[in-house]
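Comments concern the structure below.
Just so it is clear, none of the values below were taken in a lab; they were calculated from the coordinates. Keep in mind that what you see is a predicted model, and the values were worked out from it rather than measured.
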Amino acid sequence: EIYQQEYPQPKPLIIETISEIDLDFLVVDLQKLLVSMKVGAERIRNIVLSLRNFSRLDESEMKPVDIHEGIDSTLMILQTRFRGSTNSTEIEVIKNYGQLPKVNCYVSQLNQVFMNIISNAIDALEYRRHLLNQADYPPIITISTQKIQDHQVKISIADNGLGMSSEVRQRIFDPFFTTKPVGSGTGLGLSISYSIIVERHQGKMSCSSTPGEGAEFTILIPIN
């Protein structure tokens, strides 16, 4: 722009070159490209930070951690699954976070529990959407946290899928038990999650469900 102001009548060769490269379009497009690169770089940065926070493979001992940070990292890693296919409604995630202190835990193991439960919730929502083919069905995952008295925190992860029968619910934490088609699940995710909460963290893990209305997994772990 400065060049064009200083030399409003350039030589024919310059005019021809400007026309060939479509300079006006290039200037506008370059700005959009730079903005897109900045957004992309920031997104990559957030994903890398989430992966680092999620895994923390170098931290084998218990340490005080922010539970919400672990949940948010898990959600970031799973973000592409929330979008679904082009013809389906994006899964809405509602976060009802309470005021929590830092909790002493094995952070990578606890994050794996969040991953297993939220992944199962996504599977349940996708199954309902596929089975009932409801165009107006709003798939929702609700994550709630709260401090219980002075010694425990409670984490609840609920979905509005099809739910499960009492027979299935009673076996949901059994090793190798799965309701998914052959090849789609090992039946170990929730069993391992249960062991991590109960045996490694001296906590409690339960599931409540009403057929046709969804399921809710509740985790109770001591703060110290």
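The largest-to-smallest principal axis extents of the Cα set in region 56-222 are 45, 32, 29 Å.
Expressed as a rounded percentage, what relative contact order does region 111-224 have, with Cα pairs under 8 Å and six or more residues apart? Provide the component values of the computation, followed by the final result.
On the way: 186 pairs, mean separation 33.6, N = 114.
In percent, rounded to a whole number, it is 29.
Compactness ratio for region 87-171: Cα radius of gyration over 2.2 N^0.38 Å (N = residue count) comes to 1.29.
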